[in-house]
Amino acid sequence: MADSLRAFVRTVPVIAAAVLVGCSGGGFLPFGEGPHSMSSQRLASIVNLQSKVNHVDPKLVKAVIAIESGGDPSAVSTAGAMGLMQLMPGTARAYGVANPWDPEQNVAGGAKALGVLLREYNGNISLALAAYNAGSGAVARYKGIPPYAETGAYVSSVLSLYNAPARR
């Protein structure tokens, strides 16, 4: 009970911030165009541009988006992560994302973070994904993928999508 109350109390300010900064809605907000109005072509264009700029495989960015938010630019986690790539407020600030609900800014910040992590871990995608999910500190502390069920499942899910044959 106390955990659910804490999660609620953490989520309310995020929802209020979403309203104030112009979250597109659709995920849980009853107004705005919503996530389904963003065409797959627009998302692909954003992903391709930001992947190129940040030297990250666009297929990896697409896999992260699919697992993080299901492609919903208005997604908010109970921990307060926002948008397509589920940026935490500190991560958004660190990567120059003023509006995490803006798909272009969100993907730019997330792709930049992934690029930094891939360089930090010498191209090791599994470690970069573990750090994206659990933080670089956890990866350093455990000298590899942390033994957290959520992180293990996250890395496995993203890699499954990333390594899946391309659809035609």
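For (1) surrounded by fewer than 21 Cβ atoms within 10 Å (Cβ to Cβ); (2) under 9 Å from the mean Cα position of the chain (by Cα); (3) of a type outside the set (A, V, I, L, M), each residue gets a yes or a no:
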residue: GLU68; (1), (2), (3): no, yes, yes
residue: ALA75; (1), (2), (3): no, no, no
residue: ALA98; (1), (2), (3): yes, no, no
residue: ASP102; (1), (2), (3): yes, no, yes
* To do: Of all residues in segment 11-68, count the ones that are under 14 Å from PRO103 (Cα atoms), at pLDDT below 95, out of contact with any strand residue (DSSP E or B) (no Cβ under 7 Å at 6 or more places or on another chain) and among the hydrophobic types (A, V, I, L, M, F, W, C).
  => 3
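Residues checked against (1) of a type in the set (S, T, N, Q); (2) in contact (Cβ under 8 Å) with a residue 40 or more places away in the chain:
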residue	(1), (2)
GLY110	no, yes
GLY115	no, yes
ARG119	no, no
GLY123	no, no
SER126	yes, no
LEU129	no, yes
TYR132	no, yes
ALA140	no, no
* Asked: Just to be sure, is ALA113 at pLDDT 95 or above and surrounded by 20 or more Cβ atoms within 10 Å (Cβ to Cβ)?
  -> yes
* Asked: If you go through segment 119-151 one residue at a time, how many are assigned to a helix (DSSP H, G or I), surrounded by fewer than 20 Cβ atoms within 10 Å (Cβ to Cβ) and not aliphatic (A, V, I, L, M)?
  -> 8
* Asked: In segment 110-131, what count of residues is obtained for those that are touching a strand residue (DSSP E or B) at 6+ places or on another chain (Cβ under 9 Å) and of a type in the set (Ser, Thr, Tyr)?
  -> 0
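The values are calculated or read from the model by the stated rules, or taken from the named source; none is laboratory data. What you see is a predicted model; the values in this text were computed from it and never measured. Virtual Cβ from ideal backbone geometry, glycine too; neighbours counted across all protein chains shown.
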